[in-house]
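Reading through the structure tokens given below for one structure.
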Amino acid sequence: MRLLFKEKKYAWFLLAFLWVFGFVGSLGRFVMAYYQKDISETLGVGRSFLGATWSTAIFIGAISAPLGGWLIDKIGYKKVMIYSAIANLLSLAIVLLFRNPIGYFLGFGLITGIAGIGASASYVLVANWFKHHRAKALMIIGSAGSLGLAVLTPVLVSNKGWLNWTTVYTVLFIISLAFIPLILLIVRSNKEAPEEEAPAASVQDSSSPTNKEPGEEQPPAPAEPVFSLKKMSEGFKAFLVYLTRPVMLVIMFALLTCGISMGTVEMNLMAIHQLAHVSDGMMSSSLSLLGLLELVGGVTFSFLLDYMPRVKALAYLYFFRIAGFAVLFFHFDYSPILFSLIFGATYLGAVPGGILVAGEALNEGKKQIGLQTGILLLIHQLGGVVAAIAGGLNFDLANDYQFLIAVNVVFSLIASAGYFVLYRKGIGTKKAPVLTGEVGA
């Protein structure tokens with residue numbers, strides 16, 4: 001069969017390819033969550049240094065996201081994926097070769113951030129290959145890291161006697177090295193997609209002749225430069241118009257809130273549990289449960305995002321996050337488990353849901369889907385920077401993370417209310433994606 005569940009079989013093959021490497025890529029997430037104490041002792045630095053390095057990586061990644069999205073519109077997602085993979089490989093090599101604060105900051109802080117140029121690639125690839133199951137496809141890609149965290153955490157924790165953070169990074173380096181040639185061999189553009197039939201660089205003006213007379217030579221049209229500062233500036237100016245639209249304000253605030261939540265969990269969750277004197281067994285169980293529930297919740301919300309008004313599903317998602325952070329604020333014996341259950345169930349839906357709503361409600365990005373996605377990811381990543389900085393300040397001033405947790409509760413409440421208002425006004429209530437994108441390989 002050429003089609004599987006109304007999609008091409010090769011589309012599902014590409015999805016499986018990205019999923020496998022996303023699964024293994026969760027090793028990096030595990031290192032940051034579990035080995036903070038070991039890294040600080042090895043490098044002779046404090047937790048504030050690790051927080052500053054992490055926030056630097058997130059900030060540079062945030063800036064790189066729209067740049068990478070613009071590059072995807074110009075040269076295709078395959079090339080940008082390769083450049084991103086090379087940057088990621090280089091960052092691991094620097095961290096492993098120069099095991100000191102400078103090497104760690106340069107590798108993990110600066111170069112990892114540059115690898116963020118590939119942040120939009122999976123979204124554009126899905127838009128290029130999938131027509132009927134986009135939300136599900138994005139969920140599947142996002143679930144790779146979550147399931148990896150759930151499966152690999154107990155394996156790594158049970159072998160912590162001989163494993164350390166440099167060993168895990170070495171394994172990740174070897175896998176990342178294999179990823180680059182596989183991208184070259186496997187990833188390709190869907191040439192049958194409607195948006196591929198007439199690339200913007202080759203579309204002729206409707207007033208110009210399309211057929212040559214016999215014996216008449218038409219001079220070739222001048223090639224439009226791939227890298228044009230004027231075109232890039234025009235694209236950013238056009239996107240600024242979105243700021244005047246209520247739907248975009250809600251999406252941007254919600255993605256900023258999601259970034260703060262992600263940063264709180266990725267950077268500070270284990271520290272929050274440690275301050276509450278949670279046992280290693282409970283932390284390991286909650287981390288695995290978080291990854292597992294991310295998968296289960298991702299499946300649930302992907303169906304909700306595809307089969308009901310997206311803004312309504314997103315309003316529910318942020319409402320559940322309010323409950324999750326409230327449990328974390330009033331920390332008690334089973335808070336780690338309950339928080340993993342509640343927050344994990346909402347982990348994967350917010351970003352793809354917001355991006356899909358933006359593309360549908362605004363009917364924009366038909367020729368700049370990469371740039372549009374990149375800018376939305378920029379807002380999301382900036383939220384992670386805010387969380388990293390605020391978490392460090394909160395701990396230094398009060399020796400806890402209560403203020404940061406309270407911010408998550410309040411912001412999630414505002415985001416949920418914003419999406420609910422959009423739903424009541426009938427904005428962004430489409431059930432099926434209409435995003436198109438000019439993509440290439």
Practice task
Filter the range 9-34 down to the residues that are within 18 Å of Ile272 (Cβ to Cβ) and under 18 Å from the mean Cα position of the chain (by Cα), then identify the one that is modelled with the lowest pLDDT.
Solution key: Ala33
Handout entry: Subset of the range 323-344 (residues that are surrounded by 24 or more Cβ atoms within 10 Å (Cβ to Cβ) and either of a type in the set (A, V, I, L, M) or not assigned by the TED database to the domain that holds Glu266 (or both))
Key = Leu328
Problem - Qualifying positions in the range 381-392 - modelled with pLDDT of 80 or more, open to solvent by 10 Å² or more (accessible area, probe 1.4 Å) and over 10 Å from Ala65 (Cα atoms) - result: Leu382, Val385, Val386, Ala390
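So that you can scan it fast, the table gives a plain yes or no per residue for (1) over 24 Å from Ile375 (Cβ atoms); (2) of a type outside the set (A, V, I, L, M); (3) touching a helix residue (DSSP H, G or I) at 6+ places or on another chain (Cβ under 6 Å):
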| residue | (1), (2), (3) |
| --- | --- |
| Val265 | no, no, no |
| Met270 | yes, no, yes |
| Met282 | yes, no, yes |
| Leu305 | no, no, yes |
| Arg310 | no, yes, yes |
| Leu314 | no, no, yes |
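From Lys74, Lys6, Lys37, grab the single residue that is more than 17 Å from the chain's Cα centre (by Cα), on the phi > 0 side of the Ramachandran plot and among the basic types (Lys, Arg). Before you say what the answer is, go through the steps one by one.
Values: Lys74 fails: on the phi > 0 side of the Ramachandran plot; Lys37 fails: on the phi > 0 side of the Ramachandran plot.
The match here is Lys6.
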Exercise for the section: Select from the range 393-423 the residues that are surrounded by fewer than 17 Cβ atoms within 10 Å (Cβ to Cβ) and at pLDDT below 90 and list them in ascending order. Expected result: Leu393, Asp396, Leu397, Ala398, Asn399, Asp400
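Taking into account only those residues within the range 387-430 that are among the β-branched types (Val, Ile, Thr) and not in a helix (DSSP H, G or I), which is farthest from Met248 (Cα to Cα)?
First, pick out the residues of the range 387-430 that are among the β-branched types (Val, Ile, Thr): 389, 405, 407, 409-410, 414, 421, 427, 429.
Those left that are additionally not in a helix (DSSP H, G or I): 427, 429.
Values: Ile427: 11, Thr429: 14 Å.
The residue in question is Thr429.
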Completion exercise
The condition of being surrounded by fewer than 11 Cβ atoms within 10 Å (Cβ to Cβ) and either aliphatic (A, V, I, L, M) or modelled with pLDDT under 85 (or both) holds, among Ser233, Ser228, only for Ser233
Problem - Where Phe320 falls short, out of the listed (1) open to solvent by 30 Å² or more (accessible area, probe 1.4 Å); (2) over 23 Å from Ala417 (Cβ atoms); (3) not polar (S, T, N, Q) - result: (2)
Problem - Residue within the range 138-156 that is more than 21 Å from the chain's Cα centre (by Cα) and over 29 Å from Val385 (Cβ atoms) present - result: yes
Problem - Sole exception among (1) at pLDDT below 80; (2) closer than 25 Å to Lys131 by Cα; (3) open to solvent by less than 10 Å² (accessible area, probe 1.4 Å); (4) not aliphatic (A, V, I, L, M) for Arg310, by number - result: (1)
Problem - Conditions (1) more than 16 Å from Ala254 (Cα to Cα); (2) aliphatic (A, V, I, L, M); (3) open to solvent by less than 10 Å² (accessible area, probe 1.4 Å); number of the one not met by Leu305 - result: (1)
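The values are calculated or read from the model by the stated rules, or taken from the named source; none is laboratory data. On a predicted model such as this, the values are computed, not experimentally measured, just so you know. All Cβ positions, glycine included, derive from the backbone under ideal geometry; neighbour counts span all protein chains shown. To get the accessible areas, we keep the full protein, side chains included, count just its heavy atoms, and leave off ligands, DNA and RNA. Shrake-Rupley method; radii C 1.70, N 1.55, O 1.52, S 1.80 Å.
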